[in-house]
Amino acid sequence: MVCNPNSSDTYVTLTFVDQQGIPLHTKSKVVKANGSWRYELNDLLDSSKSNYGSIEISGDTGLSAFALYDNRKKGGYSYAGISAAVPPEVSENDTTP
């Protein structure tokens, strides 16, 4: 679930990236102010049989996210809060790699 804690709508993009860093599938949606977007991982993968990779979450404004998943090792369901950080400002003259 992706949450928009802001007072205005925001455009959110979820991208499934494989182990090599190659984007395979993307879904986007406008999430209303103070709203959320619940999505199933299977819907994002478009029936792909990929078992490994990551989900990149991006948006026009700051976001919050939460994952509920089937714990195959221990059984039942587990959850994870997803932390994010605002990228630092970079000036046009910055030559740092």
Worksheet entry | Of residues in the range 1-50 being free of Cβ contacts under 8 Å to residues at least 24 places away in the same chain and among the charged types (D, E, K, R), the one surrounded by the most Cβ atoms within 10 Å (Cβ to Cβ) | K27
Discussion item. Is it the case, given these coordinates, that K27 is among the basic types (K, R) and more than 11 Å from the chain's Cα centre (by Cα)?
Written reply: no
Practice prompt. Find the strands (runs of 3 or more DSSP E) located wholly in the range 6-80 whose residues include 1 or more that are modelled with pLDDT under 75 and charged (D, E, K, R), and list them.
Written response: 64-70
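The values are calculated or read from the model by the stated rules, or taken from the named source; none is laboratory data. Worth saying up front: this structure is predicted, and the values here are computed from it rather than measured. Neighbour counts are summed over all protein chains in view; Cβ atoms, including those assigned to glycine, are modelled from backbone coordinates with ideal geometry.
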